[in-house]
Amino acid sequence: MDTDPKDSKETKQLTTGEEDRKSLVTRVKEGTSALKDRAVDEAKEYKDPQETQLWKSIFRVSHDRSDPRNRSLAILSNVFLHLHPAKINRDAVRYPFTWGMGGITFYLFIVLTFTGVLLMFYYHPTKADAFRDILYLEHDVPFGKLLRNMHRWAAHLMVITTWLHMFRVVLTGSYKRPREFNWCVGVVLLVLTLLLSFTGYLLPDDQLGFWAVTVGTNMARATPMLGSEGPFGPQLGLTAYNDVRFGLLGGSIVDSNALLRSYIWHCIGIPLVASIFMAVHFWRIRKDGGISGPAPIVLESEMKAVKKK
Amino acid sequence: MRRFVNKWTILGVCLVIVALWAINVQDWHQLWVISSTPDNIPIVAMLALVPFFTWMGIRQAVANDRLIEQLEADPKLSKTHHRKVEPWRPGWAREIHVWPYLVRIEFLATVIVTVVLFIWSITLNAPLEEPANPNLTMNPSKAPWYFLGLQEMLVYFDPWIAGVVMPSLIMVGLMAFPYVDSNPLGNGYYTLRQRRFALWMFGAGFVQWIVLIVIGTFIRGPGWIWFWPGQTWDHNAVVFDKNIDLHDMVIASSMGSTLGLGFLGNEPYYGIYKFIFGLIVVTGFFIVGALFFHWLMTVDFKKMRMPRSLRPRELHSALFPKSEFEQKILQRTSLLQYLTFQFFAVSVLLALPVKLVLRLAFTIKYVWVTPWFNI
Ligand code: HEM
């Protein structure tokens, strides 16, 4: 049929008999555009994610950039951030003062926990499996090599940053009153960090770890009064089978029990203790009045006289 | 003398030493093998990190010290000054919000550390040796680098001292430090001038630790034998143990025979003479060491000069001029604080380098030999 498109339209309208009623297509079109407008309007609101219900439910307050109260609440009402005070000394955020070293050390501890847990999925602390598991990690596990490397290098880095952190604390005299005790907590953390490294060294069960731990625990044999070859050890009845080294290794040589003990200390014992000490460390920073500085300098002439009690 | 000591002469001398050393290196490959061992890379990194952060700290300390000097000289200014080198204007808030000013720095730091770790882990593989084999001794068998200080100490002391007593003393000594440092100044800001002695002591400990680690890493080869950096590690090298005990050395010396000290070697009652001899030597060491630290603690180096005669009074005023400031600090120090400090200073900070020199330069094994322990 040869019909004019205009005609057919008119015909359609005529047949429906209702001139003002819009066609289905138009209605759909209009509906869509209204929906679109609404969506755009709502999306504009989502542009500020902090105003969303989801955000507010998680963070409990909006982090309005300009409102001081909200900025404080952003810190105070967050379980992770409330480790911080809401406000700090304006110069304390200058990088050259703390070097961020304590914070970086803590972050490395988190990285180590994360990669460590992943490694635990692939590692059995037994003489038969340990070394093979490392080979498996290196060659077959997707990203296994990267995982192992990251755990290793983060551990080395943590030793370095802990030292640098301590060095900074020394240089700024931050161990002085009232932070003496927190310094002591720090010393314990340093030792725990070193012990974590040491216990981890044995776990691949290769020559490197085996001999390092052999040399290391041989020193324990010489502990005064606790080791079988230490001063006063033999006099107290200690032998290679009941001294402190035996207790550390679970045997008289570095073998399967030593591997298991290292593993448990490394993955459970020491991290647990270290976490507790870290919690105390951070808590004490707050209780001692926050970071020590940069404090106003005190002059020699203002040194208070010695208090005689 | 002072005129010639500046950064250029120091740099020059260092360069000459490095050049002399480089000429004498026989085996660059050996050096490369040691420093490129993956587990040693962190030390190489530390060789850059430690100077960098030392510089960063000292730079701030120098700036603060300049301000301190200025304010000490100008009491009026010290009344109004805000007492920091960081800029400050009236009207500025003294505190700022942690969100976002601190949190964003922390976030940035985690990103940077993560990136560094990824790059490091992609480019460098963690070492893995052959499976553990108790029948095949690794030679040299080295602990991870951060324990090499301890392992190196085994050369100078018996295992119970190097492995147990010294680490414990270092730990307890570190914990005791805040309680024996009676200087109230320099709390929360970088300064060299107000904390001269404390920083010297920490510095000495820090440097010793680093030196031991460097010796343990770069110098000790197979059989824990001393190979200079650049010398080839000879796996067949044997060093004959020439070390002898101090009392034997005294007996054998011409002075010993002139003074008739040969009886020290006699062995009635389990070597009671040896025992008393060693006890005297060690006690003497503690006394001399304590005097040394006392001098270091109180002296004013700026006032020190060459004595004009050998009369005791002249010697005393020339070599032991007292620093007024340190004198004030000493007055604040309780006897317990003083003695605690002296104990740790002499038995760790001094004993370690002294024993190192005695062993390496004078081949002395023990200074105090008893039936129960040897020192
Ligand atoms: C696992 C190891 C450690 C972690 C995770 C850690 C973490 C931190 C953090 C996050 C801070 C806040 C300031 C900053 O970042 O510098 C801090 C401060 C402090 N740390 Fe540590 N720390 C560790 C080890 C140590 C050690 C070894 C010492 C000293 C022996 C120490 C002594 C202190 C002191 C005295 C403060 C207060 C500093 C001030 O007020 O300026 N910490 N620590």
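Just checking the output field for B:136-147: average partner chain Cβ neighbours within 10 Å of each residue's Cβ?
Values: counts 3, 4, 8, 1, 2, 7, 4, 9, 12, 2, 9, 8.
Mean shielding by partner chains, rounded to a whole number: 6.
The value of relative contact order for chain A, using C-alpha pairs under 8 Å at least six residues apart, is 15 percent.
Exposure proxy check: B:TYR189, A:TYR263 ranked by fewest other beta carbons within 10 Å? Working shown, then result.
On the way: B:TYR189 29, A:TYR263 21.
Arranged by neighbour count, lowest to highest, B:TYR189, A:TYR263 become A:TYR263, B:TYR189.
Converting phi to 3J(HN,Hα) with the Karplus coefficients 6.51, -1.76 and 1.60 and the offset θ = phi - 60°, the stretch B:76-93 yields 5, 4, 5, 6, 9, 5, 7, 6, 9, 7, 5, x, 8, 10, x, x, 6, 5 Hz in sequence order, with x at every glycine or proline.
Going by neighbour counts of Cβ atoms within 10 Å, the residues A:ARG148, A:ARG27 line up, fewest first, as A:ARG27, A:ARG148.
GNM on chain B, alpha-carbon springs under 10 angstrom: the most fluctuating residue among B:VAL13, B:VAL250, B:VAL155 is B:VAL13. Amide hydrogen proximity for A:ASP206: with H placed 1.01 Å from N in the peptide plane, the residues at 5 or more positions away or on another chain lying under 5 Å are B:ALA132. Spatial offset of the stretch B:96-168 relative to the stretch A:94-133 amounts to 12 Å, using the alpha carbon center of each. Protection proxy ranking, highest mean first, for peptides A:298-304, B:17-23: A:298-304, B:17-23, where packing is the per-residue count of other beta-carbon atoms within 10 Å, averaged. Counting only the backbone N, which residues of the stretch B:161-187 are under 14 Å from the spot 7 Å out from the Cα of B:VAL211 toward its beta-carbon? Correct set: none at all.
Among A:GLU51, A:GLU42, A:GLU30, the residue with the largest mean-square fluctuation in a Gaussian network model of chain A, with springs joining Cα atoms closer than 10 Å, is A:GLU30.
I'd like the per residue volume of the convex hull spanned by the Cα atoms of chain B, given in cubic angstrom.
Values: hull volume 93.6 nm³, N = 375.
Per residue, the Cα convex hull of chain B comes to 250 Å³.
Working note: Karplus 6.51/-1.76/1.60 with θ = phi - 60° gives the stretch B:230-237 the couplings x, 7, 6, 6, 9, 6, 9, 4 Hz, where Gly and Pro are set to x. All other residues whose Cβ lies under 14 angstrom from that of A:LEU112 are scored, Lys and Arg at +1 and Asp and Glu at -1, for a net of +2.
Residue by residue through A:220-229, how many Cβ atoms from other chains fall within 10 Å of the Cβ on average? Don't jump to the answer; show the numbers that get you there.
Details: counts 4, 4, 10, 6, 6, 1, 2, 4, 0, 3.
Whole-number average of other-chain Cβ neighbours for A:220-229 is 4.
Gap in Å between the Cα centre of the stretch A:253-309 and the Cα centre of the stretch B:173-188? Distance between centres, Cα-based: 15 Å. Of all the options A:ASP48, A:ASP129, A:ASP288, the one that moves most in a Gaussian network model of chain A with Cα springs shorter than 10 angstrom is A:ASP48. Pairwise inverse Cα distances across the stretch A:30-87, averaged and inverted, put the Kirkwood hydrodynamic radius at 13.1 Å. For the protein assembly as shown, the antiparallel share of DSSP beta bridges with both residues in that region comes to about 90%. When all alpha carbon pairs of the protein assembly as shown are counted in 10 Å bins from zero, the resulting P(r) reads 2, 11, 19, 22, 18, 12, 6, 3, 2, 2, 2, 1, 0, 0, 0 %.
Averaged over peptide A:141-154, how many Cβ atoms belonging to another chain are found within 10 Å of each residue's Cβ? Write out the running numbers ahead of the final one.
Working: counts 0, 0, 0, 0, 4, 4, 1, 4, 10, 7, 3, 8, 14, 6.
Shielding by partners across A:141-154 averages 4.
Each of A:VAL170, B:VAL62 has some number of other Cβ atoms within 10 Å of its Cβ, and from fewest to most they run B:VAL62, A:VAL170. For the residue pairs A:LYS176/B:LYS322; A:LYS87/B:LYS328; A:LYS127/B:LYS365; A:LYS287/B:LYS76; A:LYS127/B:LYS355, alpha carbon separations beyond 31 Å are given by A:LYS87/B:LYS328; A:LYS127/B:LYS365; A:LYS287/B:LYS76; A:LYS127/B:LYS355. A helix-only calculation puts the protein assembly as shown at -18500 deg cm²/dmol for mean residue ellipticity at 222 nm, using -39500 (n - 2.57) for each DSSP H run of at least four residues, averaged over all residues. The mean sequence distance of close C-alpha pairs (under 8 Å, at least 6 residues apart), as a share of the length of chain B, puts its relative contact order at 21 percent. Note that the stretch A:69-78 has calculated 3J(HN,Hα) couplings of 5, 5, 4, 5, 4, 4, 7, 5, 9, 10 Hz, one per residue in order, obtained from phi through the Karplus relation 6.51 cos²θ - 1.76 cosθ + 1.60 (θ = phi - 60°); glycine and proline are x.
FYI, it's all coordinate maths here, none of it is from the lab. These numbers come from a predicted model, not from an experiment. Here Cβ is always computed from backbone atoms with ideal geometry, including for glycine, and neighbour counts include all displayed protein chains.
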